[in-house]
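Engineer: One structure, as C-alpha cells, below. Some questions next.
Only the coordinates and a few stated rules stand behind these numbers; no lab work does. Computed from a predicted model, the values in this text were never measured in an experiment. Because the Cβ atoms are built from the backbone with ideal geometry, glycine has one as well, and the counts that use them run over all protein chains shown.
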Amino acid sequence: MAIHVVNEARRCLHCKKPMCREGCPISTNIPEAIELFRTGHKEEAGEMLYENNPLSVICSLVCDHEKQCEGHCVLGRKGAPVHFSSIENYISDAYLDHLEPEMEPKKGQRVAIIGSGPAGITISVLLARRGYDVTIFESREKIGGVLRYGIPEFRLPKSILDRYQKQLIKLGIKIRPNTAIGRTLTVDDLQRDGYEAIFIGTGVWKPKAMGIPGESLGHVNYAIDYLVDPDVYDLGDNLVVIGAGNSAMDVARTALRKGVRHVSVFCRRYQTAASVREVDYAKADGVEFYYGMRPTRITDDGVYYKKVEMDEDGNITSTSEEQFFPCTSVIIAISQGAQNRIVSTTTGLEMSSHGLLATDEHGHTTRDGIFASGDVVLGARTVVEAVKYSKQVAEEMDEYLTKRREATE
C-alpha cells in the first residue's frame, strides 16, 4: 500500500487550477496534501485534511470519487486519474489515532447533539474544540448512525468508528447511547437542563414504501432495516432487490456474502443511481441487473412486474403485459425519509413538504436554539455533503451561543 500511494502521489501534476479540488464538495486542497505527503510531511498532511474535513478517513472510503475529485483529475481525460482516495486514506488513517487538535478554553455552555451520524460527529468535534460542553444522544448502542448501521463492513470497517469514539471522548464529549430523544426524554427536557443549543442530526431511517400489494408479506423487507443487522434475516437462495442506488448495491453485495446464492436487482429505469464503482463491484460479485422493471405486486413465490421501454428522455414508450419473476425474498431499496418522533414531541418544529425537518439556509429550525443538518434536512445524501453543510451549521451555532453568552455578561 505504501509504495502504491507514493507512486500515485508522484503522478500528481500540481495544476495551477486544480480541477480535483473543484470536484470535491468540501474543497479539499488535494495538491497541497499530496505535496506535503510526497515531501515527507505526512503528519502535516493529515492535520490539514482533518482540519478541512473531520471525517476525512471515512470519506476516503465511501465518497463517489469517480464523480468528484478523481473524476475531475486532468490525467483522467486520457488515462487513469490520480487515485487521491488511496492517498487520503493512507494519510488520514495514520493520523486519526494520535491527533491532538487545539482546544479553546471552556465557555461553560452546554450543547446537545441528537444523533451521531456524519453530521452529528462533525458538529460535535467542531463545537467541542471551541470550548463548548457537548453531549451526544445516540438512539442505538454505538455511535456512527448510517456510517455504522447503513454501510456494510466491507465498505467501511466498524473499527474506524470505534476509533472515532475514542477521539470524541478525548475531546471531552459525553456520549449517551441507547437514548432516543422523543421517548422518555424530549427536547423540552434538554432545554430545561441547560442545553443552550440543540442540534438534530437523526438521519433518514424511515423506509419509503412502494405501495404495491404484497409489501407486508413475511419475506419482504426494506434495505435500511436489513443493513442494520443482516445476520438476523433468512432470505433463502434467491433475492430480488428493488432499487438501483448505493443502498441497493450494499444490500445485494451483503446478501451474497451472507449466503444468498442468486441476487437480482430490479432497476425501474435504464440507468442506476448508484456510483459506477459500486455497480462494477456488484457485477463482479455476481449480482444480475434487470432494467426497466416495474414491480406491480409481490406474492409468496416472487414478484410480478411489467417491463417498460423508454426513449432517450426517459419517457415510457411501451409497457409489457404483467410477467412473473420467482424468488424466495424481496428487499425494497427505493428511498427513505425522516422519522417524526422528535417533531411530534416538540412544539414549534416544522417539517418540509418532503417530510424532512424544515430549516433555513443556515441550519436554523423553526424553533429558537434548535439547529439541524445532514440527511434529516437534505434527504439521503453523501457523507461529504453532510460534513460540508454541518461545518456551516457549526459556525451558526457558535455565533448563536456567543450572542447568548455576551448578553449575560
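Engineer: Rounded to the nearest 5, what % of DSSP beta bridges with both residues in the stretch 207-335 are antiparallel? List each step's numbers first, then the result.
Structural biologist: Values: 13 of 29 bridges.
So the antiparallel bridges amount to about 45 percent of the total.
Engineer: Would you kindly calculate the mean projected area, averaged across all directions, of the convex hull enclosing the Cα atoms of the stretch 207-335, in square nanometres? Write down the numbers at each step before the final one.
Structural biologist: Working: hull surface 29.7 nm².
Here the figure is 7.4 nm², rounded to one decimal.
Engineer: Give me the number: length gained by fully extending Ala273 to Ile212, i.e. 0.36 nm times residue separation minus the C-alpha to C-alpha distance, one decimal in nm.
Structural biologist: Working: separation 61, 0.36 × 61 = 21.96 nm, distance 2.18 nm.
That works out to 19.8 nm of additional length.
Engineer: Residues with beta-carbon under 9 Å from that of Tyr149, excluding Tyr149: net charge, scoring Lys, Arg +1 and Asp, Glu -1?
Structural biologist: Working: positive: Arg140, Lys142, Arg148; negative: Asp229.
Local net charge: +2.
Engineer: Among the lysines, which have Cα under 17 Å from the Cα of Lys42 when same-chain residues fewer than 8 positions away are ignored?
Structural biologist: none
Engineer: Compute the distance in nm between two label points, each set 7 Å from the Cα along the Cα-to-Cβ direction, one at Glu395 and one at Lys67.
Structural biologist: Those two pseudo-labels are separated by 2.5 nm.
Engineer: Among [x] 39, 21, 21; [y] 46, 34, 16; [z] 37, 30, 19, find the value of semi-axes √(5λ) of the Cα gyration tensor in Å that was calculated from the structure presented, and write down its label.
Structural biologist: Comparing each candidate, only [z] matches the computed number.
Engineer: Pull up the DSSP beta bridges for the chain and report the antiparallel fraction as a percent, rounded to 5.
Structural biologist: Details: 17 of 49 bridges.
Approximately 35 percent, going by the DSSP bridge assignments.
Engineer: One quarter of the convex hull surface, Cα atoms only: what value does that give for the stretch 174-258 in nm²? Provide the component values of the computation, followed by the final result.
Structural biologist: Numbers: hull surface 33.8 nm².
Its Cα hull, projected and averaged over all orientations, spans 8.4 nm².
Engineer: What residue among Ser329, Ser247, Ser27 shows peak mean-square fluctuation when the chain is described by a Gaussian network model with Cα springs under 10 Å?
Structural biologist: Largest GNM mean-square fluctuation: Ser27.
Engineer: Then there is this: Between Asp237 and Thr319, how many nm apart are label points set 7 Å from Cα along the C-beta direction?
Structural biologist: Each label point is offset 7 Å from its Cα along the Cβ direction, giving 3.4 nm.
Engineer: Provide Rg and Dmax in Å for the stretch 118-238, with only Cα atoms included in the calculation.
Structural biologist: Over the stretch 118-238's Cα set, Rg and Dmax evaluate to 17.4, 54 Å.
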